[in-house]
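The values are calculated or read from the model by the stated rules, or taken from the named source; none is laboratory data. Note that the coordinates shown come from a computational prediction; the quantities given were computed from them, not determined experimentally. We place every Cβ from the backbone using ideal geometry, glycine too, and count neighbours over all the protein chains shown.
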Amino acid sequence: MLRVQNASVFFPGRDGGVIHALDRASLDIDANSIVVALGASGCGKSTLLNAIAGFLPLSEGSITLDGQPVEGPGADRGVVFQKDTLLPWKSVLDNVALGLDFAGLPPRDRRDRAAELLRLVGLEGFAKSAPHELSGGMRQRVGIARALATDPKILLMDEPFGALDSLTREQMQELLIDVWARTGKRIFFITHSIEEALFLGTTVVVMSPRPGRIVARFDLDFVRRFAAERDVHAILSDPEFGDLHNRIRDLVHRPHHTAVHRAETLQ
Amino acid sequence: MTDAARTTAESLAAPLTDPAARPRTVALRPFGLDGARTGPISAVTGLLLIAVWFLVSQHRLVPPLFLPAPGEVAAQFLSILEDGYAGATLWEHVSASLLRILAAALIAASLGIPLGLAMGLNRWAKGVLDTPIEFYWPLPPLAYLPLMIIWLGIGEVSKIALLTLAMFAPICLSAQAGLRSLPIERVNAALSLGATRWQLFRSIVLPSALPEILTSLRIAIGVGWSTLVAAELIAATRGIGFMIMSASHFLATDVVFVGIGIIAAWAFAFSYGMRLLESWLVPWKGKT
């Protein structure tokens, strides 16, 4: 289990003060779950992800993965970034195999495993292509395959589909659900799209800014239903989906002081 | 389908079925050059300049001492090619210069690249090396040429040292700039894939800085050619720079022209070769 306990982050401010980016956030991510953090920009969701990934130390609180404290980046936590971070001098296959190369796997095993992952994300025909020959959506597929290659315990996804057009985005959401259903990876996913959060999350945590806080938490089953039935329309037209959409929209747009009250009543 | 609709459909289909009538292709209106071809214009300009040179020398508008006729320069080139100049063949002059430039480039690159990378990564390396580099690199090589002679004598060492100093700064500064242009997400991605410090350096940092480093090598070799004449002022008996300086003492303007032409041709060939090397080693440059 990945456990975040009372995580707080303060950044130095421009005028000598401090910015309270994350305020006592607590979160558990169990096996086989997709936890989606939803909120407007500045609500601390990327800060939280960076801390879990080990890119950012916490000011206070703790993060543990299966009981081991997180003390920096490592291959047990795969990260998919919003901006594609593929290496332009390596082929798609070698990009996917990068983590296996770091782990010291022999070239043949690397290639086999990377080819298998490319099949999983639907890019089997593009192993030899250069990253710049692919579209944005395809590059994110490569990013997902690369993050899965080292068989991490959790996949951290920082608005991975935020820069994609809405049609590609829908395809990528379904692809991610496929990958999740097949690999059983737990996923921590960040978005500012309410619909994406509802569609993907087994748990959605709503965050609000200044200071960044978790103000509400919803446990959902839309994604499990989609994985079983593959019927988008049934889910989108479910009255519960629309109802939750409205409730979360109110939460996100609510003035901050009310959101703070809400957080206090939650605790 | 109505008649009107059919006519429209047929007239729309017509140009596509007629292979002779290729449609007029268009593109967004550019601003600036936007990759427009300039090669033919440059070639014609070159021919025009030579034609002007011809006319000016033909009509004796300028004394031949100042501007020898193209024919004289060509004849002088052939004579140097045949008989050599100042007791050495043309190839001995050219190879002496080439050897100095290549040796200096090799030394400058093998010092400049690692030191530049170290300066981009380490506070102490940056702090310590910044002072001497920022002090010396704006200086014209001719200014420290006398020091080279006093310290290192009049042999090959002082010539190569002068060229090395001139080439070192641009290489070192570019290696630093190459590191600065490395996006932090690329580093974080590698670390979260389990890269060790050394793997991060070898697989991410070095290739990311490579385009800037190769560009700086091309610039440094250009600097080498432009410093060559200064380097060969030092008691040289061989070299294209020496040939030019020695010819100027005898007012042999045609030999000076031959020397300038040879330097220009080699510098152009090197620059072109480096561009080929770049497109082979860093084909991804400019594509993200």
Exercise for the section: For the range A:196-204, indicate whether the set of residues that are of a type in the set (Asp, Glu) and without any contact (Cβ under 8 Å) to a residue 60 or more places away in the chain is non-empty. Expected result: no
Completion exercise
Log entry, pairs with first residue in the range B:263-288 being within 14 Å of B:Leu217 (Cα to Cα) and hydroxyl-bearing (Ser, Thr, Tyr), second being assigned to a helix (DSSP H, G or I) and modelled with pLDDT of 90 or more, beta carbons closer than 7 Å, six or more apart or on different chains, reads B:Ser271/B:Arg218; B:Ser271/B:Gly222
Practice task
Sort out which residues of the range A:189-246 are surrounded by 13 or more Cβ atoms within 10 Å (Cβ to Cβ), hydroxyl-bearing (Ser, Thr, Tyr) and in a loop (DSSP other than H, G, I, E, B), and write them in order of number.
Solution key: A:Ser193, A:Thr202
Practice task
From the list A:Glu133, A:Glu116, A:Glu124, pick out the single residue that is facing chain B (nearest Cβ under 10 Å) and surrounded by fewer than 18 Cβ atoms within 10 Å (Cβ to Cβ).
Solution key: A:Glu133
Exercise for the section: Considering each residue of the range A:155-169, count those that are in contact (Cβ under 8 Å) with a residue 24 or more places away in the chain and part of a helix (DSSP H, G or I), and give that number. Expected result: 2
Exercise for the section: Take the residues in the range B:177-208 that are among the polar types (S, T, N, Q) and in a loop (DSSP other than H, G, I, E, B), then tell me which one is farthest from the other protein chains (Cβ to nearest Cβ). Expected result: B:Ser181
Problem - Test set (1) crowded, with 21+ Cβ neighbours inside 10 Å; (2) over 18 Å from the mean Cα position of the chain (by Cα) - B:Ala235 fails condition number - result: (1)
Exercise for the section: Determine which single condition B:Val229 fails, assuming it passes every other condition in (1) of a type outside the set (Phe, Trp, Tyr); (2) part of a helix (DSSP H, G or I); (3) touching a His at 6+ places or on another chain (Cβ under 7 Å); (4) modelled with pLDDT under 90. Expected result: (3)
Handout entry: Flag for B:Ile263 being in a helix (DSSP H, G or I) and of a type in the set (A, V, I, L, M)
Key = yes
Practice task
Please indicate, with yes or no, whether at least one residue in the range A:59-74 is within 13 Å of chain B (Cβ to nearest Cβ) and crowded, with 21+ Cβ neighbours inside 10 Å.
Solution key: yes
Completion exercise
Counted residues in the range A:1-57 being closer than 17 Å to A:Glu71 by Cα and of a type in the set (Phe, Trp, Tyr) come to 1
Exercise for the section: Please verify whether the range B:49-67 includes one or more residues that are out of contact with any His (no Cβ under 7 Å at 6 or more places or on another chain), surrounded by 16 or more Cβ atoms within 10 Å (Cβ to Cβ) and not in a helix (DSSP H, G or I). Expected result: yes
Completion exercise
Of the residues in the range A:93-112, those that are more than 13 Å from every other protein chain (Cβ to nearest Cβ) and either modelled with pLDDT of 95 or more or buried (at least 20 other Cβ atoms within 10 Å of the Cβ) (or both) come to A:Leu93
Practice task
Please indicate, with yes or no, whether at least one residue in the range A:13-23 is surrounded by fewer than 21 Cβ atoms within 10 Å (Cβ to Cβ), touching an Asp or Glu at 6+ places or on another chain (Cβ under 9 Å) and not hydrophobic (A, V, I, L, M, F, W, C).
Solution key: no
Exercise for the section: State all residues of the range A:6-59 that are in a strand (DSSP E or B) and closer than 30 Å to A:Ala181 by Cβ; if no residue qualifies, say none. Expected result: A:Ala7, A:Ala25, A:Ser26, A:Leu27, A:Asp28, A:Ile29, A:Ile34, A:Val35, A:Val36, A:Ala37, A:Leu38
